[in-house]
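Reading through the structure tokens given below for one structure.
None of the figures in this text is laboratory data; all of them are computed from the coordinates on show. None of the values given here were measured: they were computed from a predicted structure. When we count neighbours, we look across all protein chains shown, and the Cβ atoms used for this are built from the backbone with ideal geometry, even at glycine.
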Amino acid sequence: MASGPIGSGDAVTDERARAGVAPNLRGWKQIAAAIGDDVHVRTVQKWEAQGKIPVVSFGGRVAAYADRVLACLMSQPRRAA
């Protein structure tokens, strides 16, 4: 999902934004840490650019809902090692 202002993502994100529920992950480091200990910020930024995870940006900052990020990653097909 492309980044954009809060309220420009999927229906769940839009509903949360209208309800005033703030994303619980703030910044690339928190998003990467929520995904896993071995996931780097650069990897998370690449996944966001590829549309694999929903991240919202506002005022030069990024944020995300942990449950939405993890759900999107779980729905992605697994690559062979």
Checklist entry - Where does each of R61, R26, R68, R78 land when they are ranked from fewest to most other beta-carbon atoms within 10 angstrom? => result R78, R61, R26, R68
Next on the checklist: Less than 13 Å Cβ to Cβ from K29, Lys/Arg counted +1 and Asp/Glu -1: what total charge do the surrounding residues give?
Outcome noted: +2
